[in-house]
Amino acid sequence: MPRSIRPFHPSDLGAIYRICLLTGHAGGDSSHLYANPDLLSHLYAGPYPVADPGMTFVVADEQGVAGYIVATADSAGFERWREEHWWPVLRAQYPLVEDPHDGTEDHVLVARFHETWPTEDPVYAEYPAHMHIDLLPRLQGQGLGRALIETLADALRARGVPGLHLGVSKDNPGAIAFYHRVGFVTLEEHAWGLTLGLALG
Ligand SMILES: CC(C)(COP(=O)(O)OP(=O)(O)OC[C@H]1O[C@@H](n2cnc3c(N)ncnc32)[C@H](O)[C@@H]1OP(=O)(O)O)[C@@H](O)C(=O)NCCC(=O)NCCS
């Protein structure tokens, strides 16, 4: 079976969760950082296809789903949706915990579940959409990242969305180089990394 990009199907969720974990440490495997392998995707991948399945696309090959792009067309609306439908169950399931000082960082992710996420941001005016993209190593460096961005950009244009933004860690220079190469520009610099934007006009 050739590699192909296709719209999200509900059976992809397990693979999306695994890929998120395997690429979650500056682009590399984050499994060693988390006792609970689901927490990272609860934050960065899982809610997107549940909130709006039409804004997620996956890459599959003969071994299965090995890459995804997850997005929301409306970041403010997405945060309102998470506050109502996503966080309440996870906050009850995962109360705030202290750092166990054993090298794991589950407590850092759990603390983020309990944050109040902004529904307003100056970036949202021109770049209301935001996204996350991850490919397993076997699919990296073959043009599929660019193809996923283009697929999402087409879907966003079809909805009349003017721009797309994302956050990238300064610890992931390869991803920063990729985003600039496919057309993103730097919108904001932070201590943790960059906010990048892609105009879709
Ligand atoms: C970052 C990632 C999405 C890029 O996707 P990809 O399929 O590997 O990239 P592509 O092959 O589509 O590359 C597109 C362009 O970016 C460039 N590029 C990609 N990775 C690069 C890197 N590490 N350094 C410099 N340039 C890079 C390519 O050379 C290519 O340029 P060209 O089209 O002019 O030849 C993918 O490598 C990945 O999932 N990495 C691990 C997870 C990750 O870091 N996700 C991002 C978290 S913010």
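The values are calculated or read from the model by the stated rules, or taken from the named source; none is laboratory data. Everything numeric here is computed off the predicted structure, so don't read it as measured data. When we count neighbours, we look across all protein chains shown, and the Cβ atoms used for this are built from the backbone with ideal geometry, even at glycine.
Taking every residue in region 186-201 that is in contact (Cβ under 8 Å) with a residue 60 or more places away in the chain and pairing it with any residue that is assigned to a loop (DSSP other than H, G, I, E, B) and among the aromatic types (Phe, Trp, Tyr), at least 6 positions away or on another chain, the pairs with Cβ-Cβ distances below 6 Å are Gly197/Tyr127; Leu198/Phe184. Inside region 3-53, residues that are among the basic types (Lys, Arg), within 15 Å of the ligand (Cβ to nearest atom) and over 27 Å from Leu96 (Cα atoms) make up a count of 1.
For region 173-190, indicate whether the set of residues that are out of contact with any Leu (no Cβ under 9 Å at 6 or more places or on another chain), more than 25 Å from Arg6 (Cα to Cα) and more than 10 Å from the ligand (Cβ to nearest atom) is non-empty. Yes. Consider Arg112 carefully, then state whether it is basic (Lys, Arg) and farther than 29 Å from Gly64 by Cα. In short, yes. Would you be able to tell me the number of residues in region 177-195 that are under 15 Å from Arg146 (Cβ atoms) and of a type outside the set (Phe, Trp, Tyr)? Of the residues in that region, 5 qualify.
Taking the listed residues Leu148, Leu90, Leu156, Leu96, the one that is within 19 Å of Ala199 (Cα to Cα), more than 16 Å from the ligand (Cβ to nearest atom) and at pLDDT 95 or above is Leu156, with no other qualifying.
Checking each residue in region 109-155 for being among the small types (Gly, Ala, Ser) and over 14 Å from the mean Cα position of the chain (by Cα) picks out Ala111, Ala125, Gly141, Gly143, Ala147, Ala153, Ala155.
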